[in-house]
Amino acid sequence: MDHFPVFMAVAGRRIVLSGGGEAALAKLRLILKTRAHVTVFAEKAHPDLHRLAAEGKLKLVSRAMEPGDAMCAVLFYAANEDADEDARVAELAHRDGARVNIVDNLADSQFITPAIVDRDPVVVAIGTEGAAPVLARRIKADLEERLPASLGLLARIGKGFRAAADVLPMGRKRRDFWSAFYFDRGPKALETGGEEAIRPTLDRLLDDTLAAKHRAGHVDLVGAGPGDPDLLTLKARKALDTADVVIFDRLVTPEILELARREALMIDAGKEGFGSSMPQDEIDALIVEHARSGAQVVRLKSGDPTVFGRLDEEIEACEAAGVSWRIIPGITAASAAVAGMGQSLTKRGRNSSVRYLTGHDTRGFADHDWRALARPGEVAAIYMGKRAARFIQGRLLMHGADPATPVTVIENASRADQRTLATTLSQLEPTLTEAGLTGPALTFIGLAPRAAQAAAHDITAQEFA
């Protein structure tokens with residue numbers, strides 16, 4: 001991010017613009033939404049500028065800008081549609097101490113003006129740092145459709161009620177009050193009784209909230225999916241949006257953590273196989289401690305919490321402490337990884353079952369029914385199998401598995417840096433070691449990527465032709 005988004009106080013302060021054409025008018029459409037004192041310098045001014053000046057919305061000076069004209073201005077816009085003149089007036093504004101924007105000149109501008117969705121006092125600013133204005137316009141159009149015009153009215157009335165609402169304690173109770181107003185009681189009051197019904201509704205809601213019992217804490221055991229934030233479920237996103245505390249594992253991506261409330265307490269549980277991590281009993285204690293204090297806790301696990309997530313231990317800790325809980329499933333890594341291969345986990349005539357295995361458990365490398373896994377046509381998805389690869393390879397070969405059995409390893413499934421390794425059982429090691437994988441990886445026994453499978457089929461057909 002090269003431009004840090006802020007909302008600057010401009011009410012009662014000067015904004016100066018140099019230019020009298022269409023570019024100047026385009027900027028003024030936004031600037032005149034503020035309560036700033038606007039001055040425009042233009043030797044030749046568009047008729048609309050004269051009209052705006054006559055209406056008292058701006059001061060129009062019918063000459064080119066001179067030294068000192070931008071004194072005390074908080075912002076300055078160069079919109080002359082002439083590169084040399086824009087450079088000249090920008091230099092004058094710099095000397096006068098104003099922040100300078102040159103229209104269509106990102107490199108020489110000190111700030112940029114975003115696309116704006118205006119539901120005053122609710123304002124949404126959309127910027128692309130000059131990379132894709134058409135994308136900003138599309139996002140603006142989408143938000144304009146989604147945000148009702150009444151939102152600004154509710155926000156203005158709510159703003160005037162904030163002092164009265166300060167009797168509520170900071171935290172969840174106050175958030176619940178405002179959430180109920182903006183998303184339930186306020187819109188209903190406006191629809192049924194008009195603007196006059198909103199203030200009485202706020203008064204009643206405040207009384208109801210003050211009289212309400214303390215809300216008990218709760219735990220959501222949430223699946224974060226394999227890493228792509230677009231694969232996060234809607235229910236998971238809602239849980240993150242209301243969480244007071246988020247306890248997350250190492251494999252949860254930063255993009256998903258960004259979806260949590262800014263005010264939420266973020267706790268890194270750092271679970272890592274064969275590595276340093278927070279002990280499970282300590283995680284259990286943290287979950288219970290925060291829930292007992294009245295917090296809405298999200299225990300955020302990569303993939304699906306019901307698959308190798310030690311979910312039962314955390315549920316048992318909640319139940320022993322009398323804390324309510326629910327499971328919000330996520331897309332497990334095997335589903336995302338096999339989709340990246342262009343394959344399905346089961347296929348008529350090939351396999352009617354699939355096994356989800358772990359490469360290690362609490363005692364070390366995990367043992368399985370190797371004889372059954374070694375049969376032709378078997379498909380298995382092995383989680384946490386990187387360090388156990390040589391062990392798995394050896395066990396399968398010892399129990400009669402075909403050395404040519406296809407094996408596919410997917411690193412960082414669903415993420416931008418996803419990597420696919422296609423090999424065979426006999427070459428699983430050293431293939432993994434040579435690849436130097438650093439991210440989470442899933443190993444598929446009995447499956448090849450669709451393209452590799454098709455190429456192998458073509459070669460076999462040629463040999464028998």
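The values are calculated or read from the model by the stated rules, or taken from the named source; none is laboratory data. None of these values were measured; they are calculated from a predicted model. Every residue, glycine as well, gets a Cβ built from its backbone with ideal geometry; the counts of neighbours run over all protein chains shown.
Values as computed for the structure displayed
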read-out	value
Qualifying helices (runs of 4 or more DSSP H) (wholly inside region 230-295; at least 3 residues being among the basic types (Lys, Arg) and in the same structural domain as ARG326 (by TED's automatic domain parsing))	234-242
Given (1) buried (at least 21 other Cβ atoms within 10 Å of the Cβ); (2) without any contact (Cβ under 8 Å) to a residue 12 or more places away in the chain; (3) of a type outside the set (S, T, N, Q), index of the condition PRO254 fails	(1)
Verdict on GLU319 being among the acidic types (Asp, Glu), crowded, with 17+ Cβ neighbours inside 10 Å and in a helix (DSSP H, G or I)	no
Qualifying residue in region 207-222 (condition: of a type in the set (Lys, Arg), surrounded by 16 or more Cβ atoms within 10 Å (Cβ to Cβ), more than 13 Å from the chain's Cα centre (by Cα) and assigned to a loop (DSSP other than H, G, I, E, B))	no
The listed residue being in contact with a strand residue (DSSP E or B) (Cβ under 7 Å, 6 or more places away or on another chain) and hydrophobic (A, V, I, L, M, F, W, C), out of LEU251, LEU240	LEU240
Pairs, first loosely packed, with under 13 Cβ neighbours inside 10 Å in region 125-152, second among the acidic types (Asp, Glu) and assigned to a loop (DSSP other than H, G, I, E, B), C-beta under 8 Å, six or more apart	GLU129/ASP2
Matching option when the condition is closer than 30 Å to GLN280 by Cβ, of a type in the set (Ser, Thr, Tyr) and surrounded by fewer than 17 Cβ atoms within 10 Å (Cβ to Cβ), among TYR383, TYR356	TYR356
Qualifying residue in region 163-170 (condition: in a helix (DSSP H, G or I), buried (at least 16 other Cβ atoms within 10 Å of the Cβ) and modelled with pLDDT under 90)	no
Output for region 36-45, where each listed residue is more than 24 Å from ALA9 (Cβ to Cβ) and surrounded by 17 or more Cβ atoms within 10 Å (Cβ to Cβ)	ALA42, ALA45
Single unsatisfied condition, ALA224 versus (1) within 30 Å of PRO169 (Cβ to Cβ); (2) touching a Leu at 6+ places or on another chain (Cβ under 9 Å)	(1)
